[in-house]
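Working notes for the structure below.
The values are calculated or read from the model by the stated rules, or taken from the named source; none is laboratory data. These figures come from a predicted structure and were not determined experimentally. Here the Cβ positions follow ideal geometry from the backbone for every residue, glycine too, while neighbour counts run over all protein chains shown.
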Amino acid sequence: MTVIVVAGEKTGSGASTVAVGISLVAAQRGLDVSIRRLGSDDSATQDAFGFAQVLSSQIDSGEGLPLEMSALPALGNQVNVVEVDASQISASAESVPTSKIVWVNEGVTNEAAFWNLTNRSKSSGDRSIIEDRVLAAPTVAELIEAANASLLSSPRTGNSALCEHVLIGAISHDSADDYFGRYNSKAVISRAEKVDLGLAALLSNAECLLLTGGHEPSPYLLDRASASATTVALSPNSTTVTAKDIEGIFGISSFNHLEKADRILELLLENIPDSDWDELFS
């Protein structure tokens with residue numbers, strides 16, 4: 001039995017992301033692998049559910065339920081990737097003495113770790129993952145929640161699309177069509193009464209249009225939105241306040257998206273040599 005314990009230097013360091021990536025590398029190598037989240041609090045429950053959402057079709061994720069410490073030694077004869085809180089590392093090592101610790105950090109290493117993996121590094125390579133827009137991106141639903149906005153229109157595909165960029169209407173001297181069209185995977189923030197900017201956001205296939213100021217937008221804009229692939233929501237606050245409200249969720253949003261899983265797999269394979277993986281999975 002191989003147990004790989006993944007922990008982060010602090011909340012938001014990216015331990016869940018790395019745990020998913022490690023499990024995907026193991027699966028790609030043809031190894032029997034499972035992924036679990038140790039703990040009983042809300043964070044552990046959310047992480048375990050997220051693992052199941054992203055990986056259930058590929059990897060055993062324990063039906064999306066968190067794992068208790070007492071169950072750790074009873075894990076199967078496979079590669080078991082277990083995310084834990086930093087405070088649980090010692091107890092996990094005592095429970096399974098042969099476990100290998102992967103410490104996900106942003107500069108503070110752990111001498112007891114089998115691997116120290118630096119996340120959001122300024123340069124890639126040597127077990128370092130550079131800051132990445134896809135991994136940092138929140139979903140449309142998370143943006144709406146952070147902005148305390150009311151949903152006005154939603155596409156049939158729902159609100160799970162990632163928003164890698166946030167654009168502010170009328171912040172550029174270029175036409176809105178040109179400005180919005182430069183970016184994919186974007187959210188646009190614009191005052192509700194600026195119908196021209198709202199229409200330009202729809203035409204650019206923005207994932208999300210956050211209208212600000214609390215005033216009901218034009219019925220014409222909402223009618224056009226209903227036939228588009230853009231989610232439209234109304235924030236009660238100004239454009240400046242709304243932008244600040246959503247700024248803080250980039251990089252700490254939940255890991256619950258297939259695009260993020262594909263991206264972390266790609267980054268880990270690019271930055272960690274095969275010999276290191278052989279040692280980790282042995």
task = For segment 75-98, enumerate the residues that are of a type in the set (S, T, N, Q) and in contact with an Asp or Glu (Cβ under 7 Å, 6 or more places away or on another chain).
result = GLN78
message = I'm checking my understanding of the structure. Among residues of segment 109-126 that are at pLDDT below 90 and surrounded by fewer than 18 Cβ atoms within 10 Å (Cβ to Cβ), which one is farthest from the chain's Cα centre (by Cα)?
response = ASP126
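Conditions (1) assigned to a strand (DSSP E or B); (2) of a type in the set (Phe, Trp, Tyr); (3) in the same structural domain as ASN237 (by TED's automatic domain parsing), marked per residue:
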position: GLY107; (1), (2), (3): no, no, no
position: ALA113; (1), (2), (3): no, no, no
position: THR118; (1), (2), (3): yes, no, no
position: ASP126; (1), (2), (3): no, no, no
position: ILE129; (1), (2), (3): yes, no, no
position: GLU145; (1), (2), (3): no, no, yes
position: LEU152; (1), (2), (3): yes, no, yes
position: ARG156; (1), (2), (3): no, no, yes
ask   = Take the residues of segment 235-268 that are under 18 Å from SER185 (Cα atoms) and hydroxyl-bearing (Ser, Thr, Tyr): which is surrounded by the most Cβ atoms within 10 Å (Cβ to Cβ)?
value = SER253
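Only helices (runs of 4 or more DSSP H) wholly contained in segment 213-282 count here; list those with 3 or more residues that are farther than 17 Å from THR17 by Cα and not aliphatic (A, V, I, L, M).
Per the criteria, 219-226, 239-247, 274-281.
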inquiry  = I'm trying to understand the selection: among the residues of segment 39-60, which are more than 25 Å from PHE250 (Cα to Cα) and not in a loop (DSSP other than H, G, I, E, B)?
reply    = ASP60
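Considering only segment 64-86, state which residues are among the aliphatic types (A, V, I, L, M), surrounded by fewer than 18 Cβ atoms within 10 Å (Cβ to Cβ) and more than 22 Å from GLY14 (Cα to Cα).
Taking segment 64-86 as the starting set, the residues that turn out to be among the aliphatic types (A, V, I, L, M) are 65, 67, 69, 71-72, 74-75, 79, 81-82, 84, 86.
Pick out the ones that are also surrounded by fewer than 18 Cβ atoms within 10 Å (Cβ to Cβ) and you get 65, 69, 71, 74, 86.
Across segment 64-86, the qualifying residues are ALA71, ALA74.
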Flag for ASN105 being modelled with pLDDT under 95, under 30 Å from ILE189 (Cβ atoms) and buried (at least 21 other Cβ atoms within 10 Å of the Cβ) = no
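Do we find that LEU24 is touching a residue at least 40 places away in the same chain (Cβ under 8 Å), more than 21 Å from ASP132 (Cα to Cα) and part of a helix (DSSP H, G or I) in this structure?
no
Would it be correct to say that SER90 is assigned to a helix (DSSP H, G or I) and surrounded by fewer than 18 Cβ atoms within 10 Å (Cβ to Cβ)? Lay out the reasoning, then the answer.
Working: assigned to a helix (DSSP H, G or I): yes; surrounded by fewer than 18 Cβ atoms within 10 Å (Cβ to Cβ): yes.
For SER90, the condition - assigned to a helix (DSSP H, G or I) and surrounded by fewer than 18 Cβ atoms within 10 Å (Cβ to Cβ) - is met.
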ask   = Would segment 183-196 turn up any residue that is buried (at least 20 other Cβ atoms within 10 Å of the Cβ), free of Cβ contacts under 8 Å to residues at least 40 places away in the same chain and not in a strand (DSSP E or B)?
value = yes
task = Hey, can you tell me all the residues within segment 6-35 that are touching a strand residue (DSSP E or B) at 6+ places or on another chain (Cβ under 6 Å) and on the phi > 0 side of the Ramachandran plot?
result = GLY14
Among residues of segment 19-33, those that are of a type in the set (Val, Ile, Thr) and either touching a Phe, Trp or Tyr at 6+ places or on another chain (Cβ under 8 Å) or not assigned by TED's automatic domain parsing to the domain that holds LEU55 (or both), counted = 2
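For segment 24-48, name all the residues that are over 23 Å from ILE272 (Cβ atoms) and out of contact with any Ser or Thr (no Cβ under 9 Å at 6 or more places or on another chain).
Residues of segment 24-48 that are over 23 Å from ILE272 (Cβ atoms), as a first pass: 38-46, 48.
Answer for segment 24-48, where residues must be over 23 Å from ILE272 (Cβ atoms) and out of contact with any Ser or Thr (no Cβ under 9 Å at 6 or more places or on another chain): SER40, ASP41, ASP42, ALA44, THR45.
Restricting segment 1-39 to residues that are of a type in the set (S, T, N, Q) and over 14 Å from VAL102 (Cα atoms), which is surrounded by the fewest Cβ atoms within 10 Å (Cβ to Cβ)?
Top of the filtered list is THR11.
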